[in-house]
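The structure under discussion appears below in the form of structure tokens.
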């Protein structure tokens with residue numbers, strides 16, 4: 001599988017379809033992979049793909065220093081492809097501004113899991129592919145099991161639960177850095193005139209930060225789980241994200257990452273909305 | 001160093017009854033930055049405003065807080081006063097201690113404490129306020145009038161006669177509206193058509209009026225002085241330029257039995273038709289639902305007989321875009337479906353009809369050429385029962401409001417009936433007789449005293465047919481007797497409702513409407529023809545049930561507001577608009593998508609060599625309405641709203657929490 005991927009990546013670079021391959025390379029340990037940025041096809045063998053290639057590489061495509069490398073071809077798992085689609089929807093990448101080297105893994109983290117290369121895709125092609133192959137796997141009962149457990153708690157208990165989780169937050173913002181959707185030039189938490197969100201790691205500011213982070217993902221989160229994986233304090237951020245995904249699905253029948261040409265669901269309204277709050 | 005003046009208003013007793021205004025002023029005097037604090041009975045009065053002006057001058061105030069009523073009421077008043085004393089008006093703010101405090105609390109201690117909090121908040125805001133300067137925008141001196149009934153006709157004529165251009169849009173094939181359907185009008189009994197049709201002709205021939213009939217409003221964008229309106233000209237299938245209105249097509253059309261809307265179903269029309277002979281324009285339209293060319297693809301008779309070749313079956317809807325500076329909404333009303341009241345037998349018995357149908361029976365141009373003949377057998381009815389309040393003032397099944405016109409037109413009906421059928425007897429069942437208006441009560445008395453109408457104060461419980469008679473069972477609550485009338489015909493005075501498309505239209509225009517979809521005026525007493533959206537005015541029954549005199553008066557009022565607006569070349573706009581921080585904007589376009597006014601533009605940032613570097617959002621300040629949606633939706637807080645910026649709001653919240 002990796003030979004196929006490398007061959008395709010090499011071909012793309014040599015033909016000039018992209019000027020940089022953003023992929024995974026060998027990490028410092030066996031169970032770690034690290035992002036690589038390859039502009040010279042001679043380095044193509046640095047590329048690997050295995051069940052430890054967690055990172056969502058779409059975080060890099062919006063960054064100025066990586067934009068300078070030119071049109072990217074990015075190794076992308078399903079969630080990463082969705083991230084590319086949302087980025088296109090939000091005009092952060094152009095529909096034809098990148099190629100996706102679509103890969104799948106039977107189960108991330110399981111050392112013997114089988115990996116697959118699905119081919120080179122543009123963003124619109126990726127969207128079609130996902131609709132066929134990945135949409136049924138969204139918000140399944142298994143994925144929502146933990147959310148529903150938490151939702152069953154009475155409001156006070158739920159508040160106490162999250163307060164306790166967020167108490168541990170050390171405000172390292174690893175969740176934000178790992179998230180492909182957090183591409184603002186200045187995060188709201190860094191705006192200090194006035195300082196809406198307290199930056200020190202105390203319970204009130206932590207609660208505010210974590211809620212703001214989750215709210216800003218409403219209708220955008222691609223459920224890649226990078227925030228939770230990046231969190232050094234093991235805060236269950238995915239449950240919070242999924243609770244919002246569930247709300248968005250039930251309120252607007254919308255799953256993010258399947259409509260690169262559409263409008264962001266939280267930024268639009270219809271005058272004929274059946275809910276009367278809008279009138 | 002801030003030197004803020006605090007002015008606490010008693011609003012007579014309105015505030016002072018619940019709030020210790022003197023204590024509010026005393027406490028406020030000690031707030032940081034406050035240089036002056038007083039209370040006064042009527043701050044909005046001339047001496048009250050002088051208190052503010054003098055203090056600004058003498059104490060060199062840098063900001064003003066007026067603790068009084070809602071800013072909706074008097075913010076312009078106090079800002080004007082501040083400006084007259086040389087202070088930038090946007091350094092003057094109001095703390096609403098009436099609607100938000102005294103009117104909603106009883107406990108004096110609690111209310112006073114809350115009033116003090118409100119003042120503290122606004123003092124902190126004013127400390128962070130910046131002077132703002134009005135934005136000047138040009139005015140397009142052309143008005144749009146929506147609806148070609150008497151309200152729209154009057155408004156259009158008044159504006160046009162005032163020397164300004166008007167576009168009149170009517171959704172039906174002819175202007176005239178409901179008034180064209182009426183027989184004679186109360187309280188003077190002049191013939192409705194005789195007073196209306198000359199005005200219709202005047203509209204059509206007025207050099208300042210552009211008439212779009214059979215057209216509807218598709219989309220409205222923009223703001224006062226600068227609206228852009230898309231009008232859908234529905235496919236008429238008749239070329240208005242070629243058609244001479246000779247009527248040959250209507251004569252020859254084989255589809256002759258379509259119930260006429262204008263005759264309320266009492267008469268028939270053809271598939272190519274004009275609603276009534278005096279229609280303006282007097283040119284027909286093809287009703288595609290019934291025309292054989294459209295239903296079966298063959299016929300073509302009208303095209304064959306038309307001497308000028310005006311028939312065009314291929315005609316398509318056309319969208320025209322017009323720029324206007326003001327809009328008058330005059331879309332009128334409809335009447336309630338009488339079959340909601342099954343016990344009255346409407347729809348079941350042909351001789352139970354509505355008031356509007358009776359108008360057509362009375363009309364000289366109607367299906368019976370003005371003779372009162374009942375629909376079932378064409379006989380002249382000798383006993384006619386009129387039932388008022390069918391749907392009106394009925395919380396259970398109808399609407400709770402009074403439809404206002406029914407008492408008068410029912411008296412008129414009884415009177416005209418008697419004038420036409422001398423040996424006939426009219427019976428009227430009423431709840432109350434509401435005849436407030438010049439010569440109105442006299443008119444009703446005449447119906448009763450001179451034309452012998454029998455008035456029963458009570459409701460009708462049931463109407464059924466027996467031996468060719470309509471048995472009307474009712475009660476006379478004044479005598480306590482039950483009444484039975486064996487009638488030949490029954491006329492129901494059905495409730496006046498808002499137009500079916502009032503709500504979508506209001507949404508297109510961004511104007512408010514009440515729970516019955518009547519359009520809402522800006523203030524029920526002092527701004528009765530304005531809407532809450534600047535530049536949009538109301539005329540006629542789209543706002544509430546209204547008779548012709550009131551409608552015409554309101555239409556004239558709306559026209560004068562439009563002419564007032566058009567009297568200057570530029571408009572001053574409040575400078576409360578959004579501003580984008582281009583440093584931090586990442587061009588995610590959430591604001592662009594969310595803005596209901598289309599005020600956000602995509603702007604390219606260029607470097608010194610003129611190369612495009614990146615995109616950012618940009619606010620078009622003449623379009624921005626300052627609603628703040630972009631401000632709220634921006635994830636990185638890169639949009640600020642002037643006059644309500646983050647620093648100011650933060651200061652307000654801080655003032656409340658760091659007491």
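The figures follow:
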item	result
Relative contact order (%) - chain A, alpha-carbon pairs under 8 angstrom, separation at least six	18
Simple label model, 7 Å out from Cα along Cβ direction - residue A:91 to residue B:657, nm	3.4
More than 38 Å apart - percent of Cα-Cα pairs taken over the protein assembly as shown	62
Distant alpha-carbon pairs in the stretch B:110-171 (separation over 13 angstrom), percent	74
In degrees, nearest ten, helix A:2-15 long axis to first principal axis of chain A (Cα)	80
Protection-proxy order for peptides B:54-63, B:17-26, each taking the mean of Cβ atoms within 10 Å per residue, highest first	B:17-26, B:54-63
Along principal axes, Cα extents of the stretch A:1-46, largest first, whole Å	33, 20, 14
Cα-projected label distance for residue B:219 with residue B:320, points at 7 Å along beta-carbon direction, nm	1.8
The stretch B:4-134, relative contact order [Cα under 8 Å, separation at least 6], %	31
Extension gain (nm, one decimal) between residue B:298 and residue B:582, 0.36 nm per residue minus Cα-Cα	95.9 nm
Dimensionless Rg over Rh [the stretch A:2-137; C-alpha; Kirkwood]	0.94
FRET efficiency estimate (nearest 0.05) - Cβ-Cβ, residue B:569 to residue B:80, R0 30 angstrom	0.85
Ascending count of other beta-carbon atoms within 10 Å, so fewest first, for A:41, B:183	A:41, B:183
Per-residue mean of C-beta atoms belonging to partner chains within 10 Å, peptide A:86-92	3
Distance between the stretch B:572-600 and the stretch B:89-106 - C-alpha centres, whole angstrom	29
Mean separation of Cα contacts under 8 Å, 6 or more apart, over the residue count of the stretch B:334-497: relative contact order %	30
Per-pair calculated FRET efficiency, R0 = 22 Å: residue B:560 and residue B:520 via Cβ, rounded to 0.05	0.60
Degrees separating the helix A:203-215 axis from the principal Cα axis of chain A, which is the longest one	60
Square roots of five times the Cα gyration tensor eigenvalues for the stretch B:334-497, Å	20, 19, 17
Volume of the Cα convex hull of the stretch B:248-305, divided per residue and given in Å³	75
Residues A:80, A:31 arranged by fewest to most Cβ contacts within 10 Å	A:31, A:80
Set of the stretch B:491-514 residues, backbone N closer than 16 Å to the point 7 Å along the Cα-Cβ line of residue B:230	B:505, B:507-510
Gap separating the Cα centres of the stretch A:88-135 and the stretch B:161-240, nearest whole Å	58
Base-10 log of normalised Debye intensity for the stretch B:412-480 (one unit scatterer per alpha-carbon) at q = 0.12, 0.19, 0.23 Å⁻¹	-0.38, -0.87, -1.10
Extension gain, residue B:420 back to residue B:59 (0.36 nm per residue minus Cα-Cα distance, nm)	122.1 nm
Measure of compaction for the stretch B:199-307 (Cα Rg per 2.2 N^0.38 Å)	1.24
For q = 0.07, 0.09 Å⁻¹, Debye-computed log10 I/I(0) when each Cα of chain B counts as one equal scatterer	-0.63, -0.92
Residue mean of other protein chain beta carbons inside 10 Å, A:181-194	5
For the stretch A:23-80, the fraction of alpha-carbon pairs in successive 10 Å shells from zero, as %	23, 53, 24, 0
Residue-averaged beta-carbon neighbours from other chains (10 angstrom radius) around B:70-79	0
Mean shadow area of the stretch A:141-254 over all directions, Cα convex hull, nm²	7.5
Most fluctuating residue given options A:65, A:259, A:17, as computed from a GNM of chain A linking Cα atoms under 10 Å	A:65
Angle in degrees between helix B:108-128 and the longest Cα principal axis of chain B, rounded to the nearest 10	70
Choice from A:52, A:202, A:260 with maximal GNM fluctuation in chain A (Cα, 10 Å cutoff)	A:202
Per-peptide average of other Cβ atoms within 10 Å, ordering A:207-218, B:632-643 highest first	B:632-643, A:207-218
Label-point gap, in nm, between residue A:215 and residue A:195 - each point 7 angstrom along Cα→Cβ	2.0
Sites residue B:479 and residue B:503 - FRET efficiency at Förster radius 60 Å, r taken between beta-carbons, to 0.05	0.85
Centre separation in Å (Cα based) which lies between the stretch B:303-336 and the stretch B:484-533	24
Relative frequency of Cα-Cα separations exceeding 27 Å in the stretch B:1-147, percent	22
Residue of A:51, A:180, A:154 that the Gaussian network model of chain A assigns the largest fluctuation, springs spanning Cα pairs under 10 Å	A:154
Debye intensity ratio I(q)/I(0), log10, the stretch B:446-540, q values 0.15, 0.19 Å⁻¹ (C-alpha model)	-0.74, -0.86
Compactness of chain A, expressed as Rg and Dmax over alpha-carbon positions, Å	19.5, 61
Ascending count of other beta-carbon atoms within 10 Å, so fewest first, for B:618, B:118	B:618, B:118
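Values quoted throughout were computed directly from the atomic coordinates according to the rules given, and no laboratory measurement underlies them. Predicted model only: the values in this text are computed from it and were never measured. Backbone-built Cβ (ideal geometry, glycine too); neighbour counts: all protein chains shown.
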